[in-house]
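K.L.:
The structure that follows is given in the form of structure tokens.
The values are calculated or read from the model by the stated rules, or taken from the named source; none is laboratory data. Nothing here was measured: the structure is a model prediction, and the numbers come from that model. All Cβ positions, even for glycine, are placed from backbone atoms using ideal geometry, and neighbour counts span all protein chains on display. SASA here: full protein model, heavy atoms, side chains in, ligands and nucleic acids out. Shrake-Rupley method; radii C 1.70, N 1.55, O 1.52, S 1.80 Å.
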Amino acid sequence: MTTPQALPHTSGGEFPRFDQLLDRPGRLRGTAWGLWGPADQLGTLNHLSPERVLAARGSIVTGDVVPLNLPLAEFDPPIIAHRGSIEHTVFGLNDFHRDDRIDNLFLQASTQIDGLRHFGHPDRGFYNDSDPTGLVAGQPDLGVQAVAQRGIAGRGLLIDVGAYREAVGRPIDQTRNEQIPVEDLDATLEWQGSSIHPGDIIMIRTGWLKYFRQGPDRSDGVLRSPGLRQSEDTAAWLWDHQVSVAASDNIALEAWPATDSNLTVDAELTGTMPKSSHSGMLHRILIPLLGLTIGELWVLDELAAACTLRGRYDVFLTAQPLNLLGGVGSPANAMAIL
């Protein structure tokens, strides 16, 4: 394992840049494996140090609270075919008692957090070289319970790419899987007058969720969403800014489907693994190689309006996934405090 070297913008300790990760040898090339220890289960959430959480208090100005979650039963039928619709039953043991249960709950069917066992890299494996045979229900490795037991709290930063693109006369095409480059992220930050701090929980608003909730034409049966460009440049941008969580208001953070991606893996090129809907996905880099926690389908329109009104886009943000041993993902239970 190579020795991490300092990043120019890093405060407190040494930390390698993305291009330095690419210099690591063998299977470690391009990975963050071992940087937070051989048994690490949190990945980029390690950026959320107590000092950074404490500093995030400065983002609270009005005390207003904005929840960022869709209803659990928002999508019926589900927008991802293999994720069914929940079945909620309310019952009582007598006339003056009520209890309830939920059946058929898919934990990533609404506003969600993707845990680190959600994706592996076909050539390298799962984050921190975790044994895939242990990534089953009831076993802790890379389970979302590690995130729940730690909790997510810190400085949240809205990056309103949708509003920026509207303002400059290049509205995002919500009807297709348009790839948003990092240059648009940088331009949006400049337009907003915002800057990313190490450890930030970034929320990228594309405007897609608002568009989708209005009932677009899906007569061809294909779900499409604009999102981040599938490229190493995108991975480098997120890593070098020391983002702790990257969330968005679209279906996959990145553009979906990944049909215009140039990202490849040897397993598919050699034919040892068949291509699938996951081919070309940026998820394969962000989650298993970098240990980045991802949020999807976050409700950001009300937050965007509030941030625009007050003229600043940083907030205090919390998210609390379910404490489910061995869980792959979870409802986000996220909220912003302004």
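K.L.:
What's the center-to-center distance, using Cα atoms, between region 154-171 and region 277-327 in Å?
P.N.:
With region 154-171 and region 277-327 each reduced to a Cα centre, they are spaced 15 Å.
K.L.:
Under a Cβ-Cβ cut-off of 10 Å, what is the net charge of the residues other than Phe126 that fall near it, where Lys and Arg count +1 and Asp and Glu count -1?
P.N.:
Net of charged neighbours comes to -1.
K.L.:
Next question. Using Cα springs under 10 Å in a Gaussian network model of the chain, which residue among Glu296, Glu183, Glu87 shows the largest mean-square fluctuation?
P.N.:
Glu87
K.L.:
If I build a Gaussian network model for the chain, linking alpha-carbon pairs within less than 10 angstrom, which residue out of Gly271, Gly156, Gly115 has the largest mean-square fluctuation?
P.N.:
Checking each option, the largest mean-square fluctuation is seen for Gly271.
K.L.:
Only Cα pairs within less than 10 Å get springs; with that Gaussian network setup on the chain, which residue of Leu105, Leu228, Leu72 has the largest fluctuation?
P.N.:
Checking each option, the largest mean-square fluctuation is seen for Leu105.
K.L.:
Further question on the same structure: Considering only the other residues whose Cβ falls under 10 Å of the Cβ of Val61, what net charge follows from Lys and Arg at +1 and Asp and Glu at -1?
P.N.:
With Lys, Arg at +1 and Asp, Glu at -1, the net is 0.
K.L.:
If amide H atoms are built 1.01 Å from N in the plane of the peptide, which residues on other chains or at least 5 residues away come under 5 Å of the amide H of Asp200?
P.N.:
Ser244
K.L.:
Working with all protein chains in place, sort Met203, Met335 by solvent-accessible area computed with a 1.4 Å probe, largest first.
P.N.:
Heavy-atom accessible area, descending, gives Met335, Met203.
K.L.:
Could you work out the local net charge near Thr188, counting Lys and Arg as +1, Asp and Glu as -1, over the other residues with Cβ closer than 10 Å to its Cβ?
P.N.:
On the way: positive: Arg165, Arg205; negative: Asp160, Glu183, Asp184, Asp186, Glu190.
Summing Lys and Arg as +1 and Asp and Glu as -1 gives -3.
K.L.:
Follow-up. How do 319-329, 31-41, 259-269 rank on mean C-beta neighbours within 10 Å, highest first?
P.N.:
Result, highest mean first: 319-329, 31-41, 259-269.
K.L.:
Here is a follow-up. 222 nm [θ] for the chain, helices only, -39500 (n - 2.57) per DSSP H run of 4+, per residue, to 500?
P.N.:
-5000 deg cm²/dmol
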